[in-house]
Amino acid sequence: MLVLNDGVALDIASKLATGATFPGNLNGTDFVPKFLATSERGLRIYLLGAKPDVVERVAAQIETLYPRHRVVGFHHGYFSAAEEADIVAEIADHAPDVLLVAMGNPRQELFMDTHRDALNSKLAVGVGALFDFLSETVPRAPEWVRRARMEWLFRLSREPRRLARRYTLGAFAFAFAIVCFQLQNASGLQWLWRKALEPRRTVYRYGVGAFTFALAIVFFHLHKAINSP
């Protein structure tokens, strides 16, 4: 299992925790196409996820864009728990070099972890929204928005109901975790002791701090977007 840095928030967290950012943003949307484009040997690929018509279009698109590779099979992501074993067996029969799974977080990760010994695939990758972008079902943010690192805001404006929780409560929870991580590094057991003795005061103090931190991230990226050429 290899966890890649996916998203701007992790870059900010890395800067705060280590003083350095990552060399690149290895989200599935950008990393996988680059991997397929630069792979020197032909790969057998299986696609799992999205709606039936979408995954079919993605299969055709991949073989057009990356002719050295071959899509050996595909299946949509709208299956029940009762169908899961049959789908795993089908993937194993095809023995793909690469299995691309686009079922959203954390379902795609849980699927790969649960069945990793039975999939008979050399590599399985969670690719998020890649199938939607390749099939042009969902438009991707313009290049200047991506350069400004505001793609998350573009996606939120397009799919507010689906992504609102991720970019509000999710951002707050992540910011809170980073603040706690930094405080533990700085204060060690003393911070944990204070937390145990003053839970209400501690939760209030660091809760407000985390919320402020999350707002700062939002305004920082808005500022960059507005002032980007």
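Since every read-out is calculated from the coordinates, none of them should be taken as a lab result. Remember, it's a predicted structure, so these values are computed and weren't measured experimentally. When we count neighbours, we look across all protein chains shown, and the Cβ atoms used for this are built from the backbone with ideal geometry, even at glycine.
Placing pseudo-labels 7 Å out from each Cα toward the beta carbon at Ala60 and Asp113 gives an inter-label distance of 3.7 nm. Each residue, Lys15 and Val3, gets one label point 7 Å from its Cα in the Cβ direction; the gap between the two is 2.1 nm. The trypsin sites (Lys or Arg not before Pro) found in region 12-41 that occupy coil by DSSP, while having at most 14 further C-beta atoms within 10 Å, are Arg41. Model label sites at Ala89 and Arg146, defined 7 Å from Cα along the beta-carbon direction, differ in position by 4.0 nm. Shown here for region 24-97: chymotrypsin sites (Phe, Trp or Tyr not before Pro) in loop regions (DSSP other than H, G, I, E, B) with at most 13 other Cβ atoms within 10 Å, namely Tyr78, Phe79.
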